[in-house]
Each structure stands twice: as C-alpha cells, then as structure tokens.
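Have a look at the structure below, then the notes.
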Amino acid sequence: MDLKIKLEQLHQKVVGLKDQIGTEEATKNAFVMPFIQILGYDIFNPTEVIPEHICDIGTKKGEKIDYVIKKNDEPIIIIECKHWKENADAHNSQLHRYFHVSKSRFGVLTNGIVYNFYTDLEKPNIMDEKPFFTINIEDIKDSSIKILESFTKKEYNLETILDSAEALKYIKAIRKEFEKEIENPSDEMVKMLVSRFFNKPLIANRMIAFKEYTKKALTTSINESISFRLKSALSINEQIEKQEEKITTTSSIDDNNESKIVTTEEELEAFQIVKAILREKIPSDRIAHRDTLSYFGVLLDDNNRKPLCRFHFNTANKYLETFHNGKEAGEKILLNNLDEIYNFRNQLHQTLENYNI
C-alpha cells in the first residue's frame, strides 16, 4: 500500500485515540510502533527493532533508548519517544547523549505525532541542535513523504540521505530567514535593495520609511504572484466549462443526456476517499453521489442543495471543487493525483459544519 495512504490511516487512528492515551508507554504502543511498521521494519523482530535498548553513557549505566532500528545488523536509527501531549522539540538533550555513544547516523525525537529527524552535519558523532527534517502526522505534505521514503527499509541508503540532509537543513534555514525578512525587513536587506535605485544616504527616518516600503513591496509581490496563478488556472477552467456546457446543450437536443454520462473508476475511487474522510463525522449512508456531464458530485443526504464536493475529471487536468466557503463559493483545486484529496480533510469537514452537522 502507498506510504501516503498508510500515513493517512495512522493519522485517523491518532485522531480517534489520542484523548484516551494517557502515558508515554501507550503513545509508543499506539502511535510510534505503527509508524515504524509503516517504514517497513518488523516491530516483532527484536533483532531489527529493539525496544528499550541499553546504552551506557559514561558513568551512567543502564540508560535505555526507546527504540533502535537495525539493518544488516547495524544500528541505523535511534528513536526517543515522549507522550503525545509533550512538545517534540523540547527534549533533545537525552537523545543527544544517546546519539554520541551510538553508531547510528540518525536520531528521531517524537511524541507520536511530530517526528524530528537529526544527524551530525555540523560535527561528526555529535547530534546537531536542530533537526534537518520534520514530519507531522496531522499535516502530511507530499514533499515530506518523499523524504520519508528514503528512511524505509526498502529504500534506505545512508549516503543518499546524508547528501539530501545537508540540502534540507540549509533550504529550511534560508526559508526561515526569508520569511523573517518578509515579516520584518532587516537593515541589510533594505540597504541592498534600495541602493540599486536610491543614491542618497539612508538616514534614520528614511530607513524607517524604506523598511515599511520594503515589507509592503515583498508581500504585495508574493500575493500578486499567487493571485496571478490562481486567476490563470480559473480562466482556463472557465473556458473548459463553457466548452462543456456548449457540448452538453447541443447533445441534449440530439439525445438523452443520461446516456452520455460515463462514470469512471477514477471518479468512484475519489468518491471512496472522500467518503472515508467524511465518515469521521457522519454515517456513510448520508454520503451520496451523482454523476453529470460536467462533473461528478458528492452530496449530503442525496440533496443537490447540499454539495460536499465535486470532481472535474473530464478534462486533461483533474480538479477537486470544495465548498468550505459556502455552497455558492466553490473553490477548485488542481489535483496531481487522487491521494492529494486527503490534504483537504479540513475543508471537507468544514463543509459539513456549514450544514450544521
């Protein structure tokens, strides 16, 4: 089964169980062990996944790491776990000590929901202070899944991961600094940009003004870029819909529209994904579907006035239309694959709430 689907299923389990998980041990059993299993490691094989592995640290004897994962009898990942309510960023000192005496190149600190991956990019055999990669089960991104695949038993390759780890670390750091500059431009950033067109000295008053100008310029540029892409996508979609409407109108004169409707396996598969998401909130018998020439609709209580979402799969590009902003304000999102529907769980749940469910 696809890694993303397995993670989505784990997320549903976390959502359903976490309020009943009262201890760190329960967090490990309910959340962390399934995660390790998803990566392809045999949690029932004590030579591959070793729980409570003893790791003597200096004069401290009997110190234990929650899990050590081995491949070809060599430790490749050590995992330290916390209760799901604890911050996964706040307890890396213990993992840091374990990492120092372990032969593993990767350490993971987790609360069963957030998984922080560490290595030793700065100094050999000394764990870096910050993780190079983080994945959050409650906010799964396709880019994160691709990175996580390299840690699976099937795909694991030390050199490949280390090569990408450095890039991930610095890309993350650069992005963070860029976001800081957008929020509050530094003197250096302002001087660098302004010096290219303003030849006068930047005295204190001018610096204050240009900082504000820079902030507005950066945010406006980003927002306009996003808006332009959205408008382009919507414009293309509107043209396609007009063509579809024209075809639909013409064909209705010659033949019964229903005979023209073909429900595809992709549409039915997408419906099952949406149904699985919505079943977290309502019984499955309240989730219906109707296919039309223009779109495949998912309805609440088989009521056309209560659309939950629509699939526009009859063109080269596939779109999911959501109604979380109201049934008169449908929002179309381009899908690269059907699994991406899982990314819009919140929007689908919000649509239900709009109908007072």
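How much mean residue ellipticity at 222 nm does the chain get from its helices, if each DSSP H run of length 4 or more adds -39500 (n - 2.57) and you divide by all residues, to the nearest 500 deg cm²/dmol?
On the way: 10 runs with 152 residues, N = 357.
Helix contribution divided over all residues of the chain: -14000 deg cm²/dmol.
Which loop-located trypsin sites (Lys or Arg not before Pro) does the range 88-152 contain, where loop means any DSSP state but H, G, I, E or B and the Cβ has at most 16 other Cβ atoms within 10 Å? Each step should come with its number before you reach the end.
Values: sites: 97, 103, 105, 141, 146; in loops: 103, 105, 141.
Hits after loop and neighbour filter: 103, 141.
Report, ordered by chain and residue number, the lysines lying within cross-link reach of residue 180, taken as a straight Cα distance under 20 Å and ignoring same-chain residues fewer than 8 apart.
Filter leaves 130, 169, 172, 191, 211, 215, 216.
With a 1.4 Å probe and all protein chains left in place, how much accessible area per residue does the range 265-354 have, in Å²?
Numbers: 4330 Å² over 90 residues.
Value for the range 265-354: 48 Å² per residue.
Give me the 1.4 Å probe accessible area per residue for the range 151-191, excluding ligands and nucleic acids, in Å².
Per-residue value: 72 Å².
Got the relative contact order for the chain handy, in percent, Cα pairs under 8 Å and 6 or more residues apart?
Relative contact order for the chain comes out at 9 percent.
For log10 I(q)/I(0) by the Debye sum over Cα atoms at q = 0.06, 0.11, 0.12, 0.15 Å⁻¹, several values are listed as [x] -0.34, -0.96, -1.04, -1.23; [y] -0.24, -0.81, -0.95, -1.36; [z] -0.20, -0.70, -0.84, -1.34; flag the one computed from this structure.
[x]
Would you mind putting 113-121, 331-339 in packing order, based on average other-beta-carbon counts within 10 Å, highest first?
Going from most to least packed, we get 113-121, 331-339.
Tell me the relative contact order for the range 1-170 as a rounded percent, counting alpha carbon contacts under 8 Å between residues six or more apart.
18 percent
State whether the range 265-354 is rounded, prolate or oblate according to the following rule on the C-alpha gyration tensor (a ≥ b ≥ c being the square roots of its eigenvalues): a/c under 1.5 gives rounded; otherwise a/b larger than b/c gives prolate, and the remaining case gives oblate.
rounded
Would you list which aspartates and glutamates come within 15 Å of residue 332, measuring only between C-alpha atoms, while excluding same-chain residues fewer than 8 positions from it?
Those aspartates and glutamates meeting the cut-off are 238, 241, 321, 340.
Where does each of 279-290, 190-201, 343-354 land if you order them by average Cβ count within 10 Å, highest first?
Order by mean packing, descending: 343-354, 279-290, 190-201.
Once neighbouring chains are kept in place and the probe is 1.4 Å, which whole percent of the accessible area of the chain is contributed by carbon and sulfur? Provide the component values of the computation, followed by the final result.
Values: 10420 of 20620 Å².
Roughly 51 percent, rounded to a whole number.
Checking the cross-link filter: which lysines have an alpha carbon closer than 21 Å to that of residue 327, excluding same-chain neighbours under 8 positions apart?
Residue 327 reaches 231, 242, 275, 281, 306, 318.
In degrees from 0 to 90, rounded to the nearest 10, what is the angle of the helix 3-17 Cα long axis to the longest principal axis of the chain?
Computed tilt is about 80 degrees.
I'd like the distance separating the alpha-carbon centroids of the range 150-177 and the range 304-357, in whole Å.
33 Å
Could you work out the relative contact order of the range 173-220, using alpha carbon pairs under 8 angstrom and six or more residues apart, expressed as a whole percent?
52 percent
The values are calculated or read from the model by the stated rules, or taken from the named source; none is laboratory data. Fair warning: this is a prediction, and the values are worked out from it, not measured in the lab. Heads up, the Cβs are rebuilt from the backbone with ideal geometry, glycines too, and the neighbour counts pull from every protein chain shown. All accessible areas refer to the heavy atoms of the entire protein, side chains included, with ligands and DNA or RNA removed. Shrake-Rupley method; radii C 1.70, N 1.55, O 1.52, S 1.80 Å.
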